[in-house]
Amino acid sequence: MRLSVLSATLLFALGLLVLVLLRPLMPIDETRYVAAAWEMHQGGSLFVPHLNGELYGHKPPLLFWLINLVWLFTGPSGLAARLVAPAFAVGGVALTGLLARRLWPGEPERAGIAALILACSPVFLFFGSTTMFDTILAVSTLLAMLALWQAAQEPDLAGGTASGRRSWLLLGAAIALGVYGKGPVIFLHVLPVALTMPLWAPAPRAPVSKWFRGLALALGVAIVLVALWLLPALVIGGEPYQIEVLWRQSAGRMASSFAHQRPVWFYLALLPMLIWPFGWTRSGLGALAPRALAARPETRFLTIWFLGALIAFSAISGKQTHYLLPEIPALALLLARGPAQRQWTSRDLWLALPLAGLALGLVAAGLRLVPALEALDFRQPLWAAALGLLCLGAGIWGFLRLRSGLIGLGALALSFVIALHLAASPLLFARYDLTPLGAALAPYRDAGIAITDGTYHAQLNFAARLDHPVARPTTPEAVADWAASHPGGVLLDLSGAQIAGLHPVARLPYRSDTYTLFQPNEVTP
């Protein structure tokens, strides 16, 4: 069965849309990034992002720019904003097919296979549907790999002719896109391949001196492109922004991570899930065997791409699953060597073990046997658990009945991700959707809003469409001063305690806690 890149890309786009609709804008990350875009929409600086009225140097501005570009046509829509980052993930599937064609021009079927494997990857599906920066980084990395492979194909073109220069210009533009998307972390994804050309390039290879002159050209192009934003931003943002961008969010994170600290083996432990289900088969494991990885220039290229980033991120204390999102296309390309094409039987059901584990969890949730849900005072609706189980059943049916072994594996992966979202959707909308909180706060926009949470991440700013920063009094004295100067305002508190001089007017759920809304005693609720 011949698979096309277009059909895999469309399938992936449909899957992403389903996932986006099955969950709300999730705090804290997604709400924070949309809040930064909202602040820019409200008239904030285009060069220096702000969050709740303060400089926000944690991330570059490209995602915020693109959300605002979409809002020019749709208005400040939450759904429109949430489709921006997933659009890059869709582009990543198409680019993976293109890279497969460049790597194996004599085997066109590999392009569709690689695109389908990536489109059905549970990790790429899940994080590809989120409003985060890693999908931009994945596209940047894929463009960089296309440029590097093209530059290595014709040794005489390593910067010496117009065609060769185009490859290096593309590499420079890809690096710049990565910096605009998530910062200098793009170098951890690209440099391992760029600096090891003699280990993977097909013969005859470009002279090393010409290769590094080409890399210097690409770096120069990237610097010029990034400077178009960075130099004005550093001037506008002043010393605080300079310290945040030039040190704390780049070199500082490399030297000592400020968050998400995990052991060095974290990514190795995740590897089975990263390659499931396509890498769990005999043919999939064979494609990842050391001898197969070292056999040809193409597989050496992809192996260095994946392992280089794996080693680099393992050495950094801060680790998150989505940090390796740009390397999942490399795994898809390696696994596209030839997954089993036979029809699966009941003896192969061990490949569905993750579905069995999820099914047990759904049954336990439906029978009220999950203590964590009880602690949230949330009762899983039986219909949601039933829908999840039906989706898992459909995945297993497709696995056993579809004649293409590759598509059968894809059915397993897709059913797992969608079933998880179907079952979790009621909980997510009950405890994580900030729309009700935003509606409760909206009438107080002009009177003043404060919050006692010292780690507030602006998660309510977009939900309530606030046009002023939320005040953050963290001591009883500061709360009293704020209440005195904002008699018609509202204060949010997570502690559940009474606050002197204020009375509660509402309680609304927020994740595993509850926000209590207080007003000064002089105000009649």
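Assorted remarks:
- Restricting attention to segment 4-20 and to residues that are surrounded by 22 or more Cβ atoms within 10 Å (Cβ to Cβ) and over 18 Å from MET132 (Cβ atoms), the residue that is nearest to the chain's Cα centre (by Cα) turns out to be THR9.
- Selection count, segment 90-127, where residues are within 14 Å of the chain's Cα centre (by Cα), under 25 Å from TRP280 (Cβ atoms) and in a helix (DSSP H, G or I): 7
- Note on segment 468-521: among residues that are of a type in the set (Phe, Trp, Tyr) and closer than 18 Å to HIS457 by Cα, the one that is surrounded by the fewest Cβ atoms within 10 Å (Cβ to Cβ) is TYR510.
- Scanning segment 377-393 for residues that are surrounded by 13 or more Cβ atoms within 10 Å (Cβ to Cβ) and either among the aromatic types (Phe, Trp, Tyr) or in contact with a helix residue (DSSP H, G or I) (Cβ under 6 Å, 6 or more places away or on another chain) (or both) returns PHE378, GLN380, PRO381, ALA384, ALA385, LEU387, GLY388, LEU389, CYS391, LEU392.
- Any chance PHE73 is buried (at least 24 other Cβ atoms within 10 Å of the Cβ), free of Cβ contacts under 8 Å to residues at least 60 places away in the same chain, at negative phi and not in a loop (DSSP other than H, G, I, E, B): no
One line per residue, one yes/no per condition, for (1) touching a strand residue (DSSP E or B) at 6+ places or on another chain (Cβ under 6 Å); (2) modelled with pLDDT of 95 or more; (3) among the aliphatic types (A, V, I, L, M):
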| residue | (1), (2), (3) |
| --- | --- |
| LEU307 | no, yes, yes |
| GLN320 | no, no, no |
| GLU327 | no, yes, no |
| LEU333 | no, yes, yes |
| GLY338 | no, no, no |
| LEU360 | no, no, yes |
| ARG368 | no, no, no |
| ALA375 | no, no, yes |
| ARG379 | no, no, no |
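- LEU333 aliphatic (A, V, I, L, M) and under 23 Å from the mean Cα position of the chain (by Cα): yes
- Restricting LEU420, LEU390, LEU367 to residues that are hydrophobic (A, V, I, L, M, F, W, C) and in contact (Cβ under 8 Å) with a residue 40 or more places away in the chain narrows the list to LEU420.
- Count - residues of segment 433-490 that are aromatic (Phe, Trp, Tyr) and closer than 13 Å to THR31 by Cβ: 2
Conditions (1) surrounded by 14 or more Cβ atoms within 10 Å (Cβ to Cβ); (2) closer than 19 Å to ALA309 by Cβ; (3) modelled with pLDDT of 85 or more, marked per residue:
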| site | (1), (2), (3) |
| --- | --- |
| GLY178 | yes, yes, yes |
| VAL235 | no, no, yes |
| GLY238 | no, no, yes |
| TRP247 | no, no, no |
| SER250 | yes, yes, no |
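- Residues considered: GLU327, GLU298. Of these, the only one that is farther than 15 Å from LEU188 by Cα and either crowded, with 19+ Cβ neighbours inside 10 Å or touching a Ser or Thr at 6+ places or on another chain (Cβ under 6 Å) (or both) is GLU298.
- Tally of residues being among the polar types (S, T, N, Q), surrounded by fewer than 17 Cβ atoms within 10 Å (Cβ to Cβ) and in a helix (DSSP H, G or I) across segment 43-70: 0
- Output for segment 21-42, where each listed residue is buried (at least 20 other Cβ atoms within 10 Å of the Cβ), part of a helix (DSSP H, G or I) and within 15 Å of the chain's Cα centre (by Cα): GLU30, THR31, ARG32, TYR33, VAL34
- Of the candidates ALA419, ALA430, ALA478, ALA464, the single residue that is among the aliphatic types (A, V, I, L, M), out of contact with any strand residue (DSSP E or B) (no Cβ under 6 Å at 6 or more places or on another chain) and more than 30 Å from PHE126 (Cβ to Cβ) is ALA478.
- Criterion: of a type in the set (D, E, K, R) and in contact with a Ser or Thr (Cβ under 6 Å, 6 or more places away or on another chain) - qualifying residue of GLU54, GLU30, GLU39: GLU30
- The residues on offer are LEU422, LEU409, LEU492, and the sole one that is aliphatic (A, V, I, L, M) and touching an Asp or Glu at 6+ places or on another chain (Cβ under 8 Å) is LEU492.
The values are calculated or read from the model by the stated rules, or taken from the named source; none is laboratory data. These numbers were taken from a predicted model, which means no experiment stands behind them. Positions of Cβ are generated from backbone atoms using ideal geometry, with glycine treated the same way; all protein chains shown enter the neighbour counts.
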